[in-house]
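Here is the structure we will look at, set down as structure tokens.
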């Protein structure tokens, strides 16, 4: 596709995952009134104020700081005076606006460098023309242009620069990284002060003139529809303005059926729910039961997997010839996202025009879903991406956006929809659970010569549910010569979704726990066994594919974490160290965890050491440290406390009392080191998560001799 690039919105919103380049375009030509807007991301005023657009959803990962830092670096701006401006959702101008998959930095990094470099080149060209000197004689720093002793602010040349033809992005010169002044320095988040002061506007803080507040009551059994409800009794409650049935749609994961309550405040709307009585239709999801699924999984264990996924070598012969064989069952549950900010959305519908204020991680699918449900053109929908108070993948799904828009149209006025925590837990897109029936063979030298995994998880019509699947290239495929992986899918209707480090957040626990078992069965140190298991430095899989990984980079973080922790040092009784590594979302991470286990079975995490590799450049070390430590704490809390179970079709848990978050007094010291080998820059929101649970389980084994193979950990097994 050939696209003509306008000067005003010259290029680059982001590279699509397909490898293409999105161009930030505008139908309007540059005019004098727009002087100072150099492209879709940079505006420089005559007063030398620089505004940099932040197009990606901010969910706490710091992207509204780090991506503008990249632009500011190449622009040679004064970071202390730069204003960061969040944008609306507009893929035509800004490209892929998503917070998920740790993709923001690898997708945008090089392009944002060129955005900044191009804006700087335009300023320098305008200055050279104004001063009558060659471009090559000019230098810049701190938003100033310099020629010998002469200097002037960018703002003096911004209007003239905006009228210049946009330079070819491929020919724009970017800095040698050794010349970076901003990238690589510790910078606080651009919103930190407003957050601490309680002034940050999250989605739940949205206020629109004339809006009314809504609660939306749905069945705990997904798929059930409202047959009848005592609407008159609800409408009679204090502060309630209306109540009506939302019929819902018939398609899977469409608009759910329920009862909407409109009231003066969220408190009035939620209070009125206590008077609500609903008769629900039968749902095809009523069969869902954790006990039934466990029975199905046990029955499937003795059968061949229903879906062959990967096979290499001759596993049967290798197992028969192995000097030692080891089998184990690993199990993990459904878990919820439970972001601290409850699910919410504000919407206003006027005719076929829709305006939405949403804390979303992925606005464009939300736009499409609202357009389909309301029957309006997608281009008639404006989405304001508000700060997200935690997402972890939950807000990649935009069901709440569709609900708010439908209810707002029915209400005929702006509506702010707020879920309760109970809504959040029972209606979540849960991380799927699963079982792994593993067997491996070791030769006489203690090397792993065979690996067999019968994986059981959930889905529909013989296909994995969202985020439940395992791939043919997932580790340790390609490492063990005789390798077999097959799967069986149990029936599921409840919604599932991506949770921080999707799939890997469970697979890391399974593979690294079992590898630890193999190390002990082989009579080898767990670190030495892992180094041998990885073998020489090489690329596993197609080097051009996202799932390929470099065993050399994996060994490097493994060795670094071990060195940081002083691996192998003698510890007191009932104290131990565990080690684990994992490759996920293009990042390499290894953890060492030290624990002390009391005779009563209480586990104290003494310290955690983390080594990571996400490529040659850490844009903002402060943000990187926050991301790594946040991932570690998320994983610690989940592996000790989180499990969602089902009975009679519905989720049994309701609130934080059932799913406690990690507490401040449980947070251990976390030491982080980042390696920076010369590879492309990748993301950091997720890859530090998967190695935590196995490192903790392996440390507990080292301290007690008890092997924990099920999440969340049952610490009652650890009593002396």
- Query: Most exposed first by the Cβ proxy, i.e. fewest other Cβ within 10 Å, how do 264, 665, 428 rank?
  - Reply: 665, 264, 428
- Query: What is the spin-label model distance, in nm, from residue 304 to residue 186 if the labels are put 7 Å beyond Cα along the C-beta direction?
  - Reply: 5.9 nm
- Query: Just from its helices, what would the mean residue ellipticity at 222 nm be for the chain, if runs of 4 or more DSSP H residues each count -39500 (n - 2.57) and the sum is divided by every residue, rounded to the nearest 500 deg cm²/dmol?
  - Reply: -8000 deg cm²/dmol
- Contour minus end-to-end for residue 163 and residue 249, with contour as 0.36 nm per residue of separation and end-to-end as the Cα-Cα distance? 25.9 nm
- Query: What ranking do 244, 589, 157, 713 get, fewest neighbouring Cβ atoms within 10 angstrom at the top?
  - Reply: 244, 713, 157, 589
- Here the FRET efficiency for residue 92 versus residue 544, based on Cβ atoms and R0 = 25 Å and rounded to 0.05, is 0.30
- Spin-label pair residue 573/residue 227, simplified geometry with 7 Å Cα→Cβ offset, distance in nm: 6.4 nm
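Return an integer: the convex hull volume of the alpha-carbon atoms of region 343-487, in Å³ per residue.
156 Å³
Within a 10 angstrom radius of the beta carbon, how do 340, 661, 499, 718 rank from fewest other beta carbons to most?
In increasing order of surrounding Cβ atoms, one gets 340, 661, 718, 499.
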- Message: Modelling each spin label as a point 7 Å along the Cα-to-Cβ direction, I'd like the residue 281/residue 719 distance in nm, to one decimal.
- Response: 5.0 nm
- Can you quote the Å³ per residue value for the convex hull of the Cα atoms in region 32-196, rounded to an integer? 133 Å³
- Could you tell me the distance between the Cα centroids of region 266-316 and region 394-446, to the nearest Å? 13 Å
- Distance between Cα centroids, region 690-720 to region 198-248: provide it in whole Å. 43 Å
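Here, each number is a calculation from the coordinates, and none is a lab measurement. A quick note: this is a predicted structure, and the numbers were derived from the prediction, not measured. Virtual Cβ from ideal backbone geometry, glycine too; neighbours counted across all protein chains shown.
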